[in-house]
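Trainee: Shown below is the structure under consideration.
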There are 2 protein chains.
Amino acid sequence: MYEGPIQDLIDELSRLPGVGPRSAQRIAFYLLDAPEEDVFKFADTLRRVKQQARFCDVCFNVSQEERCRVCRDPRRDRTVLCVVEESKDVVAIERTNEFRGLYHVLGGSISPIDGRGPADLHTRELFTRLADGEIQEVILATDPDTQGEATAAYLSRILRDFGIRVTRPASGLPVGGDLEYADQVTLGRAFEGRRSMFPETTGS
Amino acid sequence: MYEGPIQDLIDELSRLPGVGPRSAQRIAFYLLDAPEEDVFKFADTLRRVKQQARFCDVCFNVSQEERCRVCRDPRRDRTVLCVVEESKDVVAIERTNEFRGLYHVLGGSISPIDGRGPADLHTRELFTRLADGEIQEVILATDPDTQGEATAAYLSRILRDFGIRVTRPASGLPVGGDLEYADQVTLGRAFEGRRSMFPETTGS
């Protein structure tokens, strides 16, 4: 136990995901030695994240304005919508340069074990977006794990009635993995080779 | 790349030691979801560390007042002085409950390759502390690595003329390691079995 604020800082750092007591100590002493202005800037950034970071009113991606960078971009293809779990997944997909449509961030996946059902995700807003008929394809790019597959299955059952193409990125993503950790080539190929979730219909 | 302050936060976090881009992202999103008051408290702690954390005027341990908790404690044995590299080492040694003397934190080790010589450490202040003759034993508990051994060798050469007992914690600490990572039992035993650095003299 250290004296004073250095111990408080170690305690706060230890609470962060993936930071153990040893790294918390190492980071705290690093910050103790760092120039005051750097540490103050870090503290300000923390405050700004809570004060300024928000979510896009349309797609629920992380944003700084009412509508996010992707939704604001007039060059995006407004007929294709990619449904993902988290903003992290948007960044991963953007990195592949394979996708030029819009996104819809669910804010998680269906997980009965965590008490998280469709009503806890932005599913209602998804269906509202599809109502005007502009969107012709929905790519269900939820994680290729149990919860993500369940979420895609749930959404595809409802979307079947919308008369639009519903696809899921091709296998190629390692099953049981986390979409955001896929390398760019794998993820890009998975988008290229996406398959219809209704193989019995003619789809396209 | 994310929009706005969340990307700034990821960038700031990535600069911390031991935090890669993936963990920075994970921590940033964790903080984005965390209650505002928790994040503001974290930001305040960061500021407080720079504003309030200081070093003991006597031993250079991390402190909140002019003199640190150990130096202020009247029950400590003022005849034995343990010289360490960093405040982290003080915490590690305190945890063993094997040592009841005082400390002297050098603020690093001698490392010619990093351009760090004795003058960059609190060596002068160490010799001043020894001048009044109250201290009868100095334990050189620098890290058992090259720089730590060199530092102990340098100090022992000078301390030889002070006519006091100079010891080094017993082998038992893994060579090439970092003192602060030793487990409590190993470190405690190393203190118990410390040996004189002048075996040819009678010492005690």
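Trainee: How large is ³J(HN,Hα), in whole Hz, for each residue of region B:7-23 in order, when computed from phi with the Karplus curve 6.51 cos²θ - 1.76 cosθ + 1.60 and θ = phi - 60°, using x for Gly and Pro?
Mentor: Values per residue, Gly and Pro as x: 5, 4, 5, 4, 4, 5, 5, 5, 6, 5, x, x, 10, x, x, 5, 5 Hz.
Trainee: To continue, here is another question. Treating only the Cα positions of region A:31-124 as identical point scatterers, give the base-10 log of I(q)/I(0) from the Debye formula at each q in 0.15, 0.24 Å⁻¹.
Mentor: Log10 I(q)/I(0), no solvent term: -0.72, -1.18.
Trainee: With Cβ to Cβ distances under 10 Å as the rule, what net charge do the other residues near B:CYS71 carry (K, R +1; D, E -1)? Intermediate values should be presented prior to the final figure.
Mentor: Numbers: positive: B:ARG67, B:ARG69, B:ARG72, B:ARG76, B:ARG78; negative: B:ASP57, B:GLU65, B:GLU66, B:ASP73.
Charge balance in the 10 Å sphere: +1.
Trainee: At a 10 angstrom cut-off on C-beta neighbours, averaged per residue, how do the peptides A:80-91, B:6-17 rank from highest to lowest? Please report the intermediate quantities before stating the final value.
Mentor: Numbers: A:80-91: 23.2, B:6-17: 19.2.
Put in order of decreasing packing, that is A:80-91, B:6-17.
Trainee: Using a 1.4 Å probe on the protein chains only, how many percent of the accessible area of the protein assembly as shown belongs to carbon and sulfur? Let's see the in-between values first.
Mentor: Working: 9450 of 19780 Å².
Carbon and sulfur atoms account for 48 percent of the accessible area of the protein assembly as shown.
Trainee: Within 10 Å of each Cβ in B:53-63, how many Cβ atoms from other chains are there, averaged over the peptide? Can you show the working numbers first?
Mentor: Numbers: counts 11, 5, 1, 1, 0, 0, 0, 0, 2, 9, 4.
What the average comes to for B:53-63 is 3.
Trainee: Moving to a separate point now. Per 10 Å bin from zero, what fraction in whole % of the C-alpha pairs of chain B is there, up to the bin with the longest pair?
Mentor: Per 10 Å bin, starting at zero, the Cα-Cα P(r) for chain B comes out as 8, 28, 29, 18, 11, 4, 1, 0 percent.
Trainee: Could you give me the radius of gyration and the Dmax of region B:5-52, taking only the C-alpha atoms into account and expressing both in angstrom?
Mentor: So, for region B:5-52, Rg and Dmax equal 11.3, 32 Å respectively.
Trainee: Now, a different point. Can you tell me the dipole magnitude for region A:1-145 around its Cα centre, using point charges on the Cβ only (Lys, Arg +1; Asp, Glu -1), in Debye to the nearest 20? Before the final figure, lay out each step's value.
Mentor: Working: 20 positive and 27 negative charges, 65 e Å.
Taking the Cα centre of region A:1-145 as origin, the dipole is about 320 debye.
Trainee: For the rotation that superimposes chain A on chain B, which residue of A has the C-beta lying nearest to the axis, and at what distance in Å?
Mentor: Reported as residue, whole Å: A:ALA43, 2.
Trainee: Short version: ³J(HN,Hα) in whole Hz for each residue of region A:44-53, in order, from phi by Karplus 6.51 cos²θ - 1.76 cosθ + 1.60 (θ = phi - 60°), x for Gly and Pro, what are they?
Mentor: 5, 4, 4, 5, 5, 4, 6, 7, 10, 5
Trainee: Under the rule of at least 5 residues apart or a separate chain, name every residue whose amide H is placed under 5 Å from the amide H of B:ARG54.
Mentor: It is B:SER63, by chain and number.
Trainee: Let me ask another. Can you list, shortest first and in nm, the gaps between the label point of A:PHE127 and those of its counterparts in the other copies, using a point 7 Å from Cα in the C-beta direction?
Mentor: Once sorted, the set of distances for A:PHE127 reads 8.2 nm.
Trainee: Evaluate the protein assembly as shown: find the radius of gyration of its Cα atoms, find its Kirkwood radius, and give the ratio Rg to Rh.
Mentor: Details: Rg = 29.3 Å, Rh = 25.2 Å.
That ratio equals 1.16.
Trainee: Moving on. Determine the percent antiparallel among the DSSP beta bridges restricted to chain A, to the nearest 5.
Mentor: Numbers: 5 of 17 bridges.
Counting only bridges with both partners in chain A, antiparallel ones make up about 30 percent.
Trainee: Something else: Ignoring ligands, DNA and RNA and using a 1.4 Å probe, state the total buried accessible area between A and B in Å², rounded to the nearest 100.
Mentor: Details: alone 12690 and 12750 Å², together 19780 Å².
Protein heavy atoms only, the A-B interface buries about 5700 Å².
Trainee: Roll a 1.4 Å probe over the protein chains and send me the accessible area per residue for chain B in Å². Display every interim value, and only then the final one.
Mentor: Working: 9910 Å² over 204 residues.
Per residue, chain B has 49 Å² of solvent-accessible surface.
Trainee: Ordered shortest first, which distances in nm separate the 7 Å Cα→C-beta label point of A:GLN51 from those of the other copies?
Mentor: Ordered by increasing distance: 1.5 nm.
Trainee: How would you classify region B:73-186 from its alpha-carbon gyration tensor, with a ≥ b ≥ c the square roots of the eigenvalues: rounded for a/c under 1.5, else prolate if a/b is greater than b/c, otherwise oblate?
Mentor: Details: a/c = 1.63, a/b = 1.04, b/c = 1.56.
Oblate, since a/c reaches 1.5 and b/c is not below a/b.
Trainee: Another question, then. Considering protein heavy atoms only and a 1.4 Å probe radius, which residues within region B:67-93 exhibit an accessible-area decrease of no less than 30 Å² in the full assembly relative to the chain by itself?
Mentor: Correct list: B:ARG69, B:LYS88, B:VAL91.
Trainee: Suppose we keep just the DSSP beta bridges with both residues in region B:55-149; what percent of those would be antiparallel, to 5?
Mentor: Details: 2 of 10 bridges.
Roughly 20 percent of the beta bridges in region B:55-149 run antiparallel, per DSSP.
Trainee: In region A:12-26, which residues give up 10 Å² or more of accessible area once the other protein chains are added, compared with their chain alone (1.4 Å probe)?
Mentor: A:GLU12, A:LEU13, A:ARG15, A:LEU16, A:PRO17, A:GLY18, A:VAL19, A:ARG22, A:GLN25, A:ARG26
Trainee: Here's a follow-up. Among A:PRO112, B:VAL58, A:GLN52, which residue has its Cα furthest toward the positive end of the charge dipole of the protein assembly as shown, with +1 on Lys/Arg Cβ and -1 on Asp/Glu Cβ?
Mentor: The residue sitting farthest along the positive end of the dipole is A:PRO112.
Trainee: Output the 0 to 90 degree angle, nearest 10, between the alpha-carbon long axis of helix A:87-96 and the longest principal axis computed from the alpha carbons of chain A.
Mentor: Taking Cα atoms only, the helix is inclined about 70 degrees.
Trainee: Provide the per-residue ³J(HN,Hα) series for region A:75-86, in order, calculated from phi with Karplus coefficients 6.51, -1.76, 1.60 and θ = phi - 60°, each as a whole number of Hz, with x at glycine and proline positions.
Mentor: 7, 6, 6, 7, 9, 10, 10, 9, 9, 10, 7, 9
Trainee: Report, in degrees rounded to the nearest 10, the 0 to 90 angle that the Cα long axis of helix B:146-159 makes with the longest principal axis of chain B.
Mentor: On a 0 to 90 degree scale, this one is about 40.
Trainee: Put a point 7 Å out from Cα along the line to Cβ at A:ALA34; what are the distances to that point in the other copies, in nm, shortest first?
Mentor: Here the equivalent label points are 1.4 nm apart from this one.
Trainee: Please give, to one decimal in nm, the separation of the simple spin-label points placed at A:GLN51 and A:ARG15, each 7 Å out from Cα toward the Cβ.
Mentor: 2.1 nm
Trainee: Treating only the Cβ atoms of Lys and Arg (+1) and Asp and Glu (-1) as charged, compute the dipole magnitude of region A:5-52 about its Cα centre; round to the nearest 20 debye. Spell out each step's value before the answer.
Mentor: On the way: 7 positive and 8 negative charges, 59 e Å.
Taking the Cα centre of region A:5-52 as origin, the dipole is about 280 debye.
The values are calculated or read from the model by the stated rules, or taken from the named source; none is laboratory data. Not measured: the values here are computed from a predicted model. Note that each Cβ is placed from the backbone with ideal geometry, even for glycine, and that neighbours are counted across all protein chains shown. Ligands, DNA and RNA are stripped out before the accessible areas are found, and what is left, the full protein with its side chains, is counted by its heavy atoms. Shrake-Rupley method; radii C 1.70, N 1.55, O 1.52, S 1.80 Å.
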